[in-house]
Amino acid sequence: MIKNVAVIGAGTMGHGIAEVVAIAGYSVYLSDVSQEILNNALEKIRWSLGKLYEKGQLKESDKTIIDRIRTTVGITNELKEVDFVIEAVPEKLDLKRQIFSRLEEIVADTTILSTNTSSLPITEIASAVRRQERVVGTHFFNPPVIMQLVEVIRGNRTSDNTLNTAYEFIKTLNKKPILVHKDVPGFVVNRVLLRIITNACMLVEKNIADYRTVDAVARYKLGLPMGIFELVDYTGVDVNYYVSSAMIERGFKAYQCKILEEMTKRGELGVKSGKGFYTYPSNRYVKVNLSPDLAEKLNPLYLIAPAIKEANWMVEEGIASKEDIDLGVKLGLNFPKGIFDYEREFGKENVTRALEELKRISGEEEYL
């Protein structure tokens, strides 16, 4: 039975996860490399809890919840009593492996070790410990307090008990977990998203459409909350470049987007730098103004068909169920419907035809 939880890393994701766990009633240890970082994290948690309390979204007082969170500098013996660990440090494999190795020296043999990685293989992280069956992926989405989705990912040696315990634990946090049964690059949600982004990039680089047309189709024909390139600007051009590169290096066969690499080198990183595919005065996101007329210039299947193909491949390979994939894109990407809903609406024959056309345009094999 899980009573005490440790969150390693008090950055944006870490302090958000710690807040979610404390709200659910668990005692939480929040760990980072300095007390200054931890104090800053606690201030952000207090602010967030205060807002939630004002809105009547908490069953207890914000003070009661914050009192469940204890801080610790480094990975110390204070953590020996924890039943479940969530690691949420930066996406550096060596750093994560060092942390897992250190944790194994302190926590009980029955303690589950989970990682919040969004792109690194669970199996590579788990190789740092002796009992790899107790390592699992728990990929929260940003911001954790608001986003409902958590991907629960099985590494190559994760036991059924570990996977099931993590899945049930995530449900107690009032989150909606989906199961990822195989440790593939990008898991479920990022694989779907990256298919759309790399394909959109290919259409622009091959002069089939400009980025405004692509974004207008995404918004007005597919009903997505943002255009594809608008989303890349929002999340960071460099972030998308590094994640896609890491996934391609690990065997994800996709079109390599030269635009993202060139923009990253120029420092045109999107909202945070004030310029990406669009410009953002004061480095703040403002919804891009796109004419609906642009959406008539491109077949929407040219954007969504590769993602439909990817989703079907994941089902065929036993990576995730149709239901979980659809739930993942709706909750993780704010799609108005699931990928398989798009397939039903457009029709399988039309999807296949679009993929054949995309293969001809790109010269790439992954479209078929």
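In a simple Cβ point-charge model (Lys, Arg +1; Asp, Glu -1; nothing else charged), the chain has a dipole of about 440 debye relative to its Cα centre. Kirkwood's formula applied to the C-alpha pairs of the stretch 319-360 gives a hydrodynamic radius of 11.3 angstrom. Across the options 281, 264, 213, the greatest Cα extent toward the positive end of the charge dipole of the chain (unit charges at beta carbon of Lys, Arg, Asp, Glu) belongs to 281. Taking 0.36 nm per residue of separation and subtracting the Cα-Cα distance, full extension of the segment from residue 61 to residue 356 would add 100.5 nm. Per the Debye calculation on the stretch 184-277 with a single equal scatterer at every Cα and no solvent contribution, log₁₀ I(q)/I(0) for q = 0.11, 0.16, 0.24 Å⁻¹ amounts to -0.28, -0.62, -1.35. In deg cm²/dmol, rounded to 500, what helix-only [θ] at 222 nm does the chain give when every DSSP H run of at least 4 residues adds -39500 (n - 2.57) and the total is split over its residues? About -15000 deg cm²/dmol.
Taking every DSSP bridge with both residues inside the chain, close to 20 percent are antiparallel. Kirkwood's formula applied to the C-alpha pairs of the stretch 4-180 gives a hydrodynamic radius of 15.9 angstrom.
Taking a quarter of the surface of the Cα convex hull of the stretch 275-324 gives a mean projected area of 5.9 nm². The modelled label-to-label distance between residue 313 and residue 164, using points 7 Å beyond Cα along the C-beta direction, is 3.2 nm. Annotation: extensible slack from residue 296 through residue 77 equals 72.7 nm (criterion: 0.36 nm per residue apart, minus Cα-Cα distance). With 22 Å as the limit, the listed pairs 3/80; 176/287; 206/330; 275/309 have 176/287; 206/330; 275/309 beyond it between alpha carbons. Cα centroid distance between the stretch 76-90 and the stretch 252-276, in Å? Spelled out, the Cα-based centre of one part sits 35 Å from the other.
On the principal axes of its alpha carbon atoms, the stretch 48-151 extends 45, 30, 22 Å, with the longest extent given first.
Across the chain, C-alpha contacts under 8 Å between residues 6 or more apart give a mean separation that, scaled by the residue count, equals a relative contact order of 13 percent. Peptides 279-291, 204-216, ordered by how many other C-beta atoms sit within 10 Å of their residues on average, highest first, read 204-216, 279-291. For the chain, the C-alpha radius of gyration divided by 2.2 N^0.38 Å, with N the number of residues, is 1.02.
The numbers here are math on the coordinates, done by the rules we state, and not lab data. Everything numeric here is computed off the predicted structure, so don't read it as measured data. Reconstructed Cβ throughout: ideal geometry from the backbone, glycine too, with neighbour counts over all protein chains shown.
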